[in-house]
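Peer 1: Got a structure for you, written out below as structure tokens; questions coming shortly.
Derivation of every value follows stated rules applied to the coordinates shown; laboratory data play no part. Every value quoted in this text rests on a predicted model; they were computed, and no experiment measured them. Counting neighbours? That spans all protein chains shown, and the Cβs are built from the backbone with ideal geometry, glycine included.
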């Protein structure tokens, strides 16, 4: 059986074609399929391609199954592509499987949103996808037995099977790095900044126990945090270094420090064996877990930069979004990290439901007081499956949600106390005023150290500050 797993191509140019394209989710699915003896698996990670070229690739590969990883922003592009696939006589018979954030947040509506797909998975699919491929090949196991599967779109009611998460993450093979080839991809990482190249992502855990109302991580991977063993993570880092020449790792966990004793053990392994690697965390580190010994070991093992999830500088908003931390606690933890000479990027969100203009300005002033070298300032997006989204539906007020505008720079889903134009104006203003300060601007310019980043940042700056939406 030939299986093609793909990101959704960017036919409408709604996202940046230069973004970093290591995809751990598809890589893990590919290695899980191989472990179940489905050897002929292909990954397609290039989103900057036209429909004709994509269809040609399908015709050449001749897949028996096509799987797409789907975010809300991908829906228009994906539906356009699937219509072309279903019109093509040589491809129309191929089962289409979708998974990712959009199907996870829209389980009950997935066949309405993506009518041409045949099956969908929510949350994790390393267990379920090989079982579905076995069903498509041999007629068993029964569809009802496949965890996390959504099926039955032509029946009276769709079927949503019970979820199942892999408890032992060490049991999942490393992502199919030979298919991803991280050393060949554009070096424009999630946080933009990197010290060395080539770089790649690694994930050490899945799940998040925190109750933040705007976040969908626990919907995708559960509230119980499952961590890989330190030795297993270390072995993958060494594999990437020796086989692919990787010189920098960006950990992509929701919070790499949740199981901090395990992380301390990993850092000690790296220090003991003098692993020449620099590393950062692309996810927003939850500051609850930070302590002095942890940060000291992180620094010694190669950490030079951390992204920290702060979100707001207003106490009422922090409590309302259930961040579970106060401004004074944030300040103390950020200063602790700063004392170890690790640079910090703060993640902030403007436009939370009920947030006022004055509260947004308070966030901006608070951000300037923190020892941050950079800030990622986004506009609130209400993703399906999050507590905020559920609250809106239950209240019978969808606030005009446009799932094609869940992109962190549009105010099309504005639920705050300011109008759309004001929210977008404040977003531009805060981004500009924060980053033109001398220390922040110098760091920014020093880190534009390859052509991929120049292209990426040129696009991102234009899109944030100037593009009419």
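Peer 1: Rounded to the nearest 0.05, what FRET efficiency do residue 425 and residue 181 have when you use their Cβ-Cβ distance and R0 = 56 Å?
Peer 2: So, using R0 = 56 Å, E works out to roughly 0.85.
Peer 1: Still on this model: Report the calculated FRET efficiency for residue 170 and residue 296 (r = Cβ-Cβ distance, R0 = 25 Å), to the nearest 0.05.
Peer 2: Here the calculated transfer efficiency is 0.40.
Peer 1: Another one. Listed highest first by mean packing, meaning other Cβ atoms within 10 Å per residue, what order do 333-341, 129-137 come in?
Peer 2: Going by the mean number of other Cβ atoms within 10 Å, highest first, we get 129-137, 333-341.
Peer 1: Consider a paramagnetic label point 7 Å from the Cα of residue 51 along Cα→Cβ; state which residues of region 82-110 have an amide N under 20 Å from it.
Peer 2: Residues passing the 20 Å test: 82-98.
Peer 1: For a protection proxy built on the mean count of beta-carbon atoms within 10 angstrom, sort 222-231, 86-95, 196-205 highest first, please.
Peer 2: In decreasing order of mean packing, 222-231, 86-95, 196-205 become 196-205, 222-231, 86-95.
Peer 1: Still on this structure, please answer the following. With a Förster radius of 30 Å, plug the Cβ-Cβ distance of residue 108 and residue 83 into 1/(1 + (r/R0)^6) and report the FRET value to the nearest 0.05.
Peer 2: Efficiency at R0 = 30 Å is approximately 0.85.
Peer 1: Do you know the relative contact order of the chain, to the nearest whole percent, from alpha carbon pairs under 8 angstrom that are 6+ apart?
Peer 2: Contact order relative to length: 13 percent.
Peer 1: Between residue 273 and residue 432, what length comes free when the chain is fully extended (0.36 nm per residue of separation minus the Cα-Cα distance, one decimal in nm)?
Peer 2: Using 0.36 nm per residue and subtracting the Cα-Cα distance, I get 53.0 nm.
Peer 1: Take residue 358, project a point 7 Å from its Cα along the Cβ direction, then tell me which residues of region 309-332 have their backbone nitrogen under 14 Å from it.
Peer 2: 314-317
Peer 1: Which option, (1) 63, 48, 44; (2) 70, 56, 45; (3) 61, 55, 40, is the value of Cα extents along the principal axes in Å that was calculated from these coordinates?
Peer 2: (3)
Peer 1: Using label points projected 7 Å from each Cα along Cα→Cβ, tell me how many nm separate residue 61 and residue 443, to one decimal.
Peer 2: 3.9 nm
Peer 1: Starting from the Cα gyration tensor of region 410-461, take the square roots of the eigenvalues, sort them a ≥ b ≥ c, and report rounded, prolate or oblate (rounded when a/c is under 1.5, otherwise prolate if a/b is larger than b/c, else oblate).
Peer 2: oblate
Peer 1: Per 0.36 nm of contour for each residue apart, how much would the distance between residue 320 and residue 368 grow if the chain were fully extended, relative to their Cα-Cα spacing?
Peer 2: Gain on extension, residue 320 to residue 368, equals 15.0 nm.
Peer 1: Could you bin all the Cα-Cα distances of region 251-409 into 10 Å bins starting at 0 and give me the percent of pairs in each, rounded to whole numbers?
Peer 2: 10, 36, 30, 17, 6, 1
Peer 1: Using alpha carbons only, what's the Rg to Rh ratio of region 190-333 with Rh from Kirkwood?
Peer 2: 0.98
Peer 1: Is region 2-160 best put as rounded, prolate or oblate by its Cα gyration tensor, with a ≥ b ≥ c the root eigenvalues, rounded for a/c under 1.5, and otherwise prolate when a/b is larger than b/c, oblate when not?
Peer 2: rounded
Peer 1: At a 10 angstrom cut-off on C-beta neighbours, averaged per residue, how do the peptides 166-173, 182-189 rank from highest to lowest?
Peer 2: Result, highest mean Cβ count within 10 Å first: 182-189, 166-173.
Peer 1: Going by a ≥ b ≥ c, the root eigenvalues of the Cα gyration tensor, does region 349-390 fall in the rounded group (a/c under 1.5), the prolate group (a/b larger than b/c) or the oblate group?
Peer 2: It is oblate, given that a/c is not under 1.5 and a/b is not larger than b/c.
Peer 1: Now for a different question. Pull out the extension gain between residue 162 and residue 142, defined as 0.36 nm times the separation in residues minus the alpha carbon to alpha carbon distance; nm, one decimal.
Peer 2: 5.8 nm
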